[in-house]
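The values are calculated or read from the model by the stated rules, or taken from the named source; none is laboratory data. It should be emphasised that the depicted structure is a prediction, and the values quoted were computed from it without experimental measurement. Protein only, heavy atoms only, side chains kept; ligands, DNA and RNA dropped before computing areas. Shrake-Rupley method; radii C 1.70, N 1.55, O 1.52, S 1.80 Å.
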Amino acid sequence: MRSEAAIMGTNINVELWHEDEECGEEAAVAVIEEMHRIDHLMSTYKPESELSRINRDAAISPVAAGHELVGLIQDALALSELTEGAFDITYASVGYMYDYRQRRRPDVAEIDEKLPAVDYRHVVVDPQAGTISFKATGVRIDLGGIAKGYAVEQGVEILRARGVQHAIVTAGGDSRILGDRRGRPWVVGVRDPRNRGKIVARIPLVDEAISTSGDYERYFEEDGVRYHHIINPSTGKSAGAVRSVTIVGPEATRTDGLSTSVFVLGVHAGMELVNRLPDVEAVIVDKDGQLFYSSGFETGT
Ligand code: AMP
Ligand code: MG
């Protein structure tokens with residue numbers, strides 16, 4: 001069965017097999033509810049969300065956060081270390097000034113003013129106390145780079161607990177696959193970044209996660225420049241080296257975070273990182289539309 005919804009500003013899709021149709025439907029509903037719960041926890045648009053409270057008060061004094069958010073922020077900071085700052089949830093200190101629907105972007109002076117607040121080292125987690133604090137003023141965090149991956153991972157966890165063995169849960173560019181497609185692999189397409197509806201690669205998957213970050217998801221163009229939602233933390237501007245990055249790996253929070261990271265790093269540094277990590281593979285479409293595959297894909301594994 002299939003179930004769809006729109007949450008976190010993106011399309012959610014659940015496809016699963018269950019011998020009992022009613023149980024299958026209930027399981028899909030539980031997944032959608034879980035997505036709503038995560039959205040409420042991490043939304044930067046909802047002033048009462050835990051994340052909004054952190055952004056409002058953490059520069060003044062430590063803010064109590066639930067273990068789930070504390071854990072995700074720790075994961076995000078570990079990813080910042082791994083990627084030498086390409087992944088940085090404090091990108092939002094500048095990133096909040098972009099509005100892709102309203103075609104709004106900060107000017108050079110606004111970026112210069114806020115850019116010092118972009119540094120993951122400003123974020124201090126106290127896991128014992130369960131608090132988050134910021135070491136500088138003007139710091140804002142946003143978990144948009146890993147939240148959807150986390151959400152689909154949680155969704156699959158719910159299905160597994162209900163006895164489902166074959167499923168795919170998707171939130172925008174992030175999918176987590178459970179089992180196979182009843183005897184065959186699930187096949188997920190890598191979209192052509194400049195040709196809606198066209199596919200440039202097909203990736204067969206069993207029990208894995210896949211995430212794509214693209215410059216076509218949220219953007220506007222002005223004088224031939226594309227302003228999109230993946231921000232290079234060192235410049236405060238949209239990262240320009242590639243058009244899309246697809247990461248395959250065992251766990252969706254990780255593939256989601258890494259797809260955003262490798263997008264910022266570009267082909268050379270990005271592939272170097274992926275080829276160092278034993279558990280993930282990548283397909284990159286660069287700014288000229290050329291495809292690059294990581295070493296594990298090349299050898300056909
Ligand atoms: P994704 O589509 O998974 O690549 O995520 C893009 C989202 O990640 C954006 O909408 C932002 O919320 C967030 N983001 C943008 N730039 C960064 C960055 N450099 N590090 C971490 N998160 C980012
Ligand atoms: Mg991502």
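Helix-only estimate, please: 222 nm mean residue ellipticity of the chain, summing -39500 (n - 2.57) across DSSP H runs of length 4 or more and dividing by its residues, to the nearest 500. Before the final figure, lay out the partial values.
On the way: 8 runs with 101 residues, N = 301.
My calculation for the chain gives -10500 deg cm²/dmol from helical runs alone.
Mean separation of Cα pairs under 8 Å and 6+ residues apart, divided by the residue count of the stretch 57-134: what relative contact order is that in percent?
On the way: 85 pairs, mean separation 35.9, N = 78.
Once divided by the residue count of the stretch 57-134, the mean separation gives 46 percent.
The shape of the chain can be summarised by an equivalent ellipsoid whose semi-axes, obtained from the alpha carbon gyration tensor, come to 30, 25, 18 Å from longest to shortest.
Distant-in-sequence amide contacts of LYS287, defined by a placed amide H-H separation under 5 Å and a gap of 5 or more residues or a different chain, comprise ARG243.
Surface exposure of the stretch 57-134, expressed per residue as accessible area with a 1.4 Å probe, stands at 51 Å². Among ASN195, ASN275, ASN55, the largest mean-square fluctuation in a Gaussian network model of the chain, built with springs joining Cα atoms closer than 10 Å, belongs to ASN195.
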